[in-house]
Amino acid sequence: MQQLEKILVTRSSMPDYEEYCEEIKKLWDSHWLTNMGEEHVRLQQELEDYLGCQHVVLYTNGHLALENVIAAMQFPKGAEVITTPFTFVSTTHAIVRNGLTPVFCDVDPETYTIDAGKIEELITDKTVAIVPVHVYGNMCDVERIAEIAKKHGLKVIYDAAHAFAVKYKGVSSANFGDASMFSFHATKVFNTIEGGAVCFPNDTLVGTLNDMKNFGIRGPERCVFVGGNAKMNEFQAAMGICNLRHLDREIAKRKAVMERYWQHLDHVPGIRLCKPQKDVEPNYAYFPVVFDGYAATRDQVFDALGEQGITARKYFYPLTNSFECYRDLPTAGTEKTPVAAFLADRVLTLPMYADLAPEDVDRICEIVLACGK
Ligand code: T4K
């Protein structure tokens, strides 16, 4: 019997080996490997142009970018931050590691992003910010969130880890709120191996974020701030420069994968797909499927795929407000976010990457559909 290749939930986009070697060759001349070298500076400028964003500060990973930008806002310890539990743990960790209390808002049943209609009821005199997540690359209701933030004097920091290259009404996801964080992890639509960035529209954060990611050093004999170390190195930046050249083509290939999935799974009773959002140019980052009233449960489909060598993932189960490290928080508990809890129990993200072959999408869908018979 023919041995079928294993399929994982995603696979890093990479440039040709020769292209990357060409890009990093100069590092053997300069011996300059990190600390905001030429590749770092170049990638930052290229990203500012690509995103049409005034400021991009690069980081060694997305998590530290988020942790730093929240810290840069200098909120008082114990203040409350409204966020969602339907996300990767990093979002909640970044809030809590800053000494702030996460207050979990439920999510919208269509987009799985924060339900903007439920934010105001969670605002107290301790609330200082909203940290919404453009989960799976779905855009949050940025207009409503901006109105609420303005009315109540709150900061908005988007966890845009999944939303690189997504646009709303022609504007990059980098340009909403007070700041947005992108992850450039190997699993993302655009990667720098590990990496991330904070993007923002005005000058106020530049100095603080650069101090935070480089020990607060401003010169050989000058340290102005108790900062840490979260710098992107030259090999990461070089990978970003190469990957950015091919990004639009990679996204087009992802679109074709997504369309193939829709051909098989649209209108199947009990299977819910994320609908395209109005005015949004997507990046096709993930392919989440919700099994709601299907003949098989999410876990049965997960197991059936696994038996055939296909690793889907239950992003994002469990919810972060149920993790044992948060269980004792008075704001924790999945009963406070019933829509998120419903989704977390039923969602499966199917394999999604630019090079996923059409026949592999067909095979994945055959298994999913066979579970429903
Ligand atoms: N906020 C949100 C909403 C996030 O989703 C994330 C990260 C962050 C913040 C924090 O950003 P970073 O600090 O990570 O930049 C993965 C990623 O590690 C993580 O970046 C990502 N979100 C999360 C959703 O997924 P795991 O534990 O699922 O990864 P892992 O190792 O199981 O990899 C998944 C699949 O990806 C593998 O089966 C194969 C493929 N893969 C993986 C690696 C590591 C590759 O093709 N190449 C690789 O190098 O967390």
query = Looking at the stretch 268-298, which of its residues are under 24 Å from N191 (Cβ atoms), touching a Gly at 6+ places or on another chain (Cβ under 7 Å) and open to solvent by less than 30 Å² (accessible area, probe 1.4 Å)?
reply = N283, A285
note = Of (1) touching a helix residue (DSSP H, G or I) at 6+ places or on another chain (Cβ under 8 Å); (2) within 14 Å of L369 (Cα to Cα); (3) within 16 Å of the ligand (Cβ to nearest atom); (4) open to solvent by 30 Å² or more (accessible area, probe 1.4 Å), H264 satisfies every one except (3)
inquiry  = Need pairs with beta-carbon distance below 7 Å; first residue surrounded by 13 or more Cβ atoms within 10 Å (Cβ to Cβ) and within the stretch 14-30, second of a type in the set (F, W, Y); sequence gap 6+ or separate chains.
reply    = I24/F235
inquiry  = With outside any helix (DSSP H, G or I), more than 12 Å from the ligand (Cβ to nearest atom), touching a residue at least 24 places away in the same chain (Cβ under 8 Å) and buried (at least 21 other Cβ atoms within 10 Å of the Cβ) as the only criterion, which of I145, I157, I130 stands out?
reply    = I130
query = Inside the stretch 194-214, can you point out the residues that are without any contact (Cβ under 8 Å) to a residue 60 or more places away in the chain and surrounded by 16 or more Cβ atoms within 10 Å (Cβ to Cβ)?
reply = D211
request  = Return the only residue of D203, D211 being over 22 Å from G117 (Cα atoms) and at pLDDT below 95.
outcome  = D203
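Would you check if V103 is within 16 Å of the ligand (Cβ to nearest atom), of a type outside the set (G, A, S) and in the same structural domain as M232 (by TED's automatic domain parsing)? Before the answer, list the steps.
Working: within 16 Å of the ligand (Cβ to nearest atom): no; of a type outside the set (G, A, S): yes; in the same structural domain as M232 (by TED's automatic domain parsing): yes.
Spelling it out, it is not the case that V103 is within 16 Å of the ligand (Cβ to nearest atom), of a type outside the set (G, A, S) and in the same structural domain as M232 (by TED's automatic domain parsing).
For residues that are within 11 Å of the ligand (Cβ to nearest atom) and among the hydrophobic types (A, V, I, L, M, F, W, C), scanning just the stretch 40-90, find the one that is farthest from I24 (Cα to Cα). Lay out the reasoning, then the answer.
So in the stretch 40-90, the residues within 11 Å of the ligand (Cβ to nearest atom) come out as 59-67, 83-84, 86-90.
Now drop any that are not among the hydrophobic types (A, V, I, L, M, F, W, C), which leaves 64-66, 86, 88-89.
Numbers: L64: 25, A65: 24, L66: 28, F86: 38, F88: 32, V89: 33 Å.
Among residues in the stretch 40-90 that are within 11 Å of the ligand (Cβ to nearest atom) and among the hydrophobic types (A, V, I, L, M, F, W, C), the one farthest from I24 (Cα to Cα) is F86.
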Selection within the stretch 299-332 - open to solvent by 10 Å² or more (accessible area, probe 1.4 Å) and farther than 28 Å from V103 by Cα = D299, Q300, F302, D303, A304, G306, E307, Q308, G309, T311
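The values are calculated or read from the model by the stated rules, or taken from the named source; none is laboratory data. The model shown is predicted, which means the values in this text are computed figures rather than measured ones. With ideal geometry, Cβ positions are generated from the backbone for all residues, glycine too; neighbour counts draw on all protein chains shown. With ligands, DNA and RNA removed, areas are computed over all heavy atoms of the protein, side chains included. Shrake-Rupley method; radii C 1.70, N 1.55, O 1.52, S 1.80 Å.
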